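The values are calculated or read from the model by the stated rules, or taken from the named source; none is laboratory data. Quantities reported herein were computed from a predicted structural model and do not represent experimental measurements. Don't worry about glycine lacking a Cβ; one is built from the backbone with ideal geometry, like all the others, and counts go over all protein chains shown.
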Amino acid sequence: MNTRHEPDRLHEDQDCIIIYVGKLADNPHWSFPTHKHDDLHEIIYVNEGQGSFTIDGSKHSAQKGDLLVYNKGTLHEEKSDPEFPLSTLYCGFRFKEGTRANNDWVVPPGSDPIVRANRYSEEIRSLMQTMFNEFSIREEGYNSISHHLLNAVLLIIDRMSHHQRTANEIVRSNTLAESIKDYLDTNYRQHIKLKDLADQFHIDFYYLIHMYKNCYGISPYHYLIQRRMGEATRLLVSTKKKVWEISKLVGYENPNYFTILFTKTVGESPRSFRKRNQKDMFGDPSN
């Protein structure tokens with residue numbers, strides 16, 4: 001069953017103009033072929049069940065508590081899951097002409113069109129259900145009440161979308177930080193400049209430092225030093241290589257500079273560290 005209500009008249013004096021409010025339920029085979037709304041935005045709250053959605057060519061699934069947001073002009077196709085039929089609350093509206101000249105959208109272009117269920121979902125459900133009830137009863141003032149309800153919904157969507165974008169950015173940043181760490185672990189013997197590293201990963205130099213430190217609690221520069229010194233300690237303990245040889249092997253052409261960094265990082269000089277930690281791995285020449 002698909003119940004849709006439209007206002008008795010459009011209130012053009014309001015910043016949000018509701019075109020329709022509706023409710024979909026009890027139709028396991030419901031589907032809507034590809035279409036778009038060039039003159040209005042649409043929001044759909046999944047009350048129960050789940051469904052598949054193709055939005056601007058990308059396939060998505062949504063379930064209870066999720067919110068679909070179609071900015072005007074967004075191509076979308078919808079289909080209910082026969083085993084878990086969709087039950088939705090939806091609303092179509094537009095912003096008053098001139099109020100959104102540069103940002104006539106509900107979520108910023110490029111954002112995920114599905115805001116996943118979160119702690120605000122029940123509040124959205126309650127507001128949209130009340131909006132539907134107001135349009136069903138149509139008592140005096142229903143349009144003004146619905147207008148305020150819609151404004152509340154849009155403010156919460158803005159908050160939800162911002163939280164979701166922030167969470168997604170953290171995930172992307174952590175993935176990028178992991179890739180950079182893998183690169184440093186593999187290439188620490190090479191002459192690495194952070195500016196070149198930022199260029200290689202197509203990110204800003206300062207963003208590289210900030211993002212990496214947020215993920216690992218240490219700057220990439222200091223991680224590189226620690227990685228090199230970690231390898232140097234292994235070589236000092238497990239080989240008979242000279243300090244200048246080890247310096248070159250871990251990426252430092254100048255052995256004096258290497259010694260300064262090693263002493264600062266480890267707390268003692270390479271020779272002192274070797275003398276204190278090297279095991280008798282090479283046998284006793286007297287035997």
More than 30 Å from Tyr207 (Cβ to Cβ) and aromatic (Phe, Trp, Tyr) - does that describe any residue in the range 99-121? no
Take Ser111 and tell me if it is under 26 Å from the mean Cα position of the chain (by Cα), closer than 20 Å to His41 by Cβ and outside any helix (DSSP H, G or I). yes
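A quick yes/no check of all residues on (1) within 30 Å of Ser247 (Cα to Cα); (2) more than 14 Å from the chain's Cα centre (by Cα); (3) modelled with pLDDT under 90; (4) surrounded by 13 or more Cβ atoms within 10 Å (Cβ to Cβ):
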| position | (1), (2), (3), (4) |
| --- | --- |
| Tyr142 | no, yes, no, yes |
| Ile145 | no, yes, no, yes |
| His148 | no, yes, no, yes |
| Ile156 | no, yes, no, yes |
| His163 | no, no, yes, yes |
| Glu169 | no, no, yes, no |
| Ser179 | yes, yes, yes, no |
| Ile192 | yes, yes, yes, yes |
Pick out the one residue from Val69, Val106 that is among the hydrophobic types (A, V, I, L, M, F, W, C) and in a strand (DSSP E or B). Val69
In this structure, is Leu249 over 43 Å from the mean Cα position of the chain (by Cα), in contact (Cβ under 8 Å) with a residue 24 or more places away in the chain and closer than 20 Å to Asp185 by Cβ? no
For a quick check of your reading of the model, give me the residue pairs whose first member lies in the range 201-217 and is over 15 Å from Tyr183 (Cα atoms) and in contact (Cβ under 8 Å) with a residue 12 or more places away in the chain, whose second is of a type in the set (A, V, I, L, M) and assigned to a loop (DSSP other than H, G, I, E, B), with beta-carbon atoms closer than 9 Å and at least 6 apart or on different chains. Met211/Ile203
Within the range 21-35, can you find the residues that are under 12 Å from Glu78 (Cβ atoms) and not in a strand (DSSP E or B)? Asn27, Trp30
Expected single match for assigned by TED's automatic domain parsing to the domain that holds Ile157, crowded, with 19+ Cβ neighbours inside 10 Å, farther than 20 Å from Met128 by Cα and not polar (S, T, N, Q) among His76, His60 is His76
Being at pLDDT 90 or above and either surrounded by fewer than 14 Cβ atoms within 10 Å (Cβ to Cβ) or hydroxyl-bearing (Ser, Thr, Tyr) (or both) is the requirement here; does Glu122 meet it? yes
Kindly check whether there is at least one residue in the range 192-199 that is assigned by TED's automatic domain parsing to the domain that holds Asp112 and either free of Cβ contacts under 8 Å to residues at least 24 places away in the same chain or not in a helix (DSSP H, G or I) (or both). no
Return only the number of the condition from (1) at pLDDT below 90; (2) crowded, with 21+ Cβ neighbours inside 10 Å; (3) not hydrophobic (A, V, I, L, M, F, W, C) that Gly110 does not satisfy. (2)
Test Lys181 against the stated conditions and say whether it is in a helix (DSSP H, G or I), in contact (Cβ under 8 Å) with a residue 12 or more places away in the chain and not assigned by TED's automatic domain parsing to the domain that holds Gln63. yes
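Results for (1) among the hydroxyl-bearing types (Ser, Thr, Tyr); (2) within 19 Å of Asp66 (Cα to Cα); (3) without any contact (Cβ under 8 Å) to a residue 40 or more places away in the chain, shown as yes or no for each residue.
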residue	(1), (2), (3)
Glu83	no, yes, no
Tyr90	yes, yes, no
Lys96	no, no, no
Asn102	no, no, yes
Ile124	no, yes, no
Arg138	no, no, no
Ser146	yes, no, no
Leu150	no, yes, no
Ile156	no, yes, yes
Those residues of the range 23-57 which are surrounded by 14 or more Cβ atoms within 10 Å (Cβ to Cβ) and in contact (Cβ under 8 Å) with a residue 60 or more places away in the chain amount to Lys23, Leu24, Ala25, His41, Ile43, Tyr45, Asn47, Phe53
